[in-house]
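Notes follow the structure.
The values are calculated or read from the model by the stated rules, or taken from the named source; none is laboratory data. Please read all numbers here as calculations on a predicted model, not as lab measurements. As a convention, Cβ positions derive from the backbone with ideal geometry for all residues, glycine included, and neighbour counts pool all protein chains shown.
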Amino acid sequence: MWKRILYFVFVLFAIEMGLFLAALPWSSFWERNILGSLFPSFRPVLLSNYFRGALTGLGLIDIWIGFSDLWNFRENLARLEKREQAARPAPAAGNAGQGEVAPPPPARKP
């Protein structure tokens, strides 16, 4: 159950981060960015349309990844569960795992 929740949180995070990266560089908040104030020589790069476009492109890729994972949600969860079951060791032969305890080995006489 926790895998489903964690996976869904990842999908929401990817979509949210993509929307953030796609929209923020073109807002007025971006022009008042603290990085431009702290590093004045970096300000022309931050305000460059090329840099803004690159961030928007990353945001669109992130949105695409989020919706792609959301579209394939069940298949990806099944793949994760199959991988986990393959990594889990097989139970030992005999009565192991049935609640019975094996008797201790016989004591050795000196």
Check: Out of the range 12-53, which residues are among the basic types (Lys, Arg) and farther than 30 Å from residue 69 by Cα?
Finding: 32, 43
Check: What number of residues in the range 33-53 are within 19 Å of residue 23 (Cα to Cα), among the hydroxyl-bearing types (Ser, Thr, Tyr) and assigned to a helix (DSSP H, G or I)?
Finding: 1
Margin query: For the range 35-50, which positions are loosely packed, with under 15 Cβ neighbours inside 10 Å, modelled with pLDDT of 85 or more and not small (Gly, Ala, Ser)?
Written below: 38, 39, 40, 42, 44, 45, 47, 49, 50
Check: So, of the residues in the range 11-33 that are surrounded by 15 or more Cβ atoms within 10 Å (Cβ to Cβ) and of a type outside the set (A, V, I, L, M), which turns out to be farthest from residue 53 (Cα to Cα)?
Finding: 33
